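*Asks:* Shown below is the structure under consideration.
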Amino acid sequence: MSETTPGSILVINGPNLNLLGTREPEIYGHETLADVEALCRNAAAQAGYGVEFLQSNHEGVLIDAIHAARTTMVGIVINPGALTHTSVALADAISGVQLPTVEVHISNVHQREAFRHHSYISPVAASVIVGAGTNGYVLGVEHLVHLVGR
């Protein structure tokens, strides 16, 4: 992660999201993770916020970033990828830092395999956005701005 800008939003992407643009484009689209980052930065900048952007395939890296955000970020937008359906530890980290958090999924997980219908993150997130493609990140940033009331 880079230097923190005061009033920044942490945008987290979990496992396999580094493959956006090439991984199952019929489900996830053709936009890359760099495209998603640009969308988030633009949406946040319009509201006067910076963005800290992180992608990792390692659960512990994501948890450490969430813990660090506790004192440096105004909130979190997270697409936990497959960790959505498996990680109590990630949910505990989000709950523990008590930052407003918006969960985002590119695809409509409720139209997919049954195991994707359950999220450990949703109960600790302020809001959940599914099925809006990469625009879901923009909606997530905009909603987080609304939640923090700036």
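The values are calculated or read from the model by the stated rules, or taken from the named source; none is laboratory data. None of the values given here were measured: they were computed from a predicted structure. All Cβ positions, glycine included, derive from the backbone under ideal geometry; neighbour counts span all protein chains shown. The protein model used for the area step is the full one, side chains on, heavy atoms only, and it has no ligands, DNA or RNA in it. Shrake-Rupley method; radii C 1.70, N 1.55, O 1.52, S 1.80 Å.
*Asks:* Quick one, which of (1) 39, 18, 14; (2) 21, 18, 14; (3) 26, 17, 14 is the actual semi-axes √(5λ) of the Cα gyration tensor in Å calculated for this model?
*Replies:* The value computed from this structure is option (2).
*Asks:* Assuming a ≥ b ≥ c are the square roots of the Cα gyration tensor eigenvalues, decide whether the stretch 64-135 counts as rounded (a/c under 1.5), prolate (otherwise, with a/b larger than b/c) or oblate.
*Replies:* prolate
*Asks:* In addition: With a sphere of radius 12 Å drawn around the Cβ of I63, what net charge do the other residues whose Cβ falls strictly inside it have (Lys, Arg +1; Asp, Glu -1)?
*Replies:* -2
*Asks:* In addition: Can you sort Y28, Y137, Y120 by 1.4 Å-probe accessible area, starting with the largest?
*Replies:* Y120, Y28, Y137
*Asks:* Going by Cα centres, the stretch 79-100 and the stretch 105-150 are how many Å apart?
*Replies:* 13
*Asks:* Using a 1.4 angstrom probe, figure out how much accessible area the chain has per residue, in square angstrom, rounded to the nearest whole.
*Replies:* For the chain, the solvent-accessible area averages 46 Å² per residue.
*Asks:* Can you give the calculated 222 nm mean residue ellipticity of the chain, where each DSSP H run of n ≥ 4 adds -39,500 (n - 2.57) and the sum is split over every residue, rounded to the nearest 500 deg cm²/dmol?
*Replies:* Per the formula, -10500 deg cm²/dmol.
*Asks:* Tell me the accessible surface of D92 in square angstrom (1.4 angstrom probe, heavy atoms of protein chains only), to the nearest ten.
*Replies:* Result for D92: roughly 100 Å² accessible.
*Asks:* Computing the accessible area with a 1.4 Å probe over protein heavy atoms, can you report the carbon and sulfur percentage for the chain?
*Replies:* 51
*Asks:* State the extension gain, in nm to one decimal, for the chain segment bounded by E26 and N135, taking 0.36 nm per residue of separation less the distance between their alpha-carbons.
*Replies:* 37.7 nm
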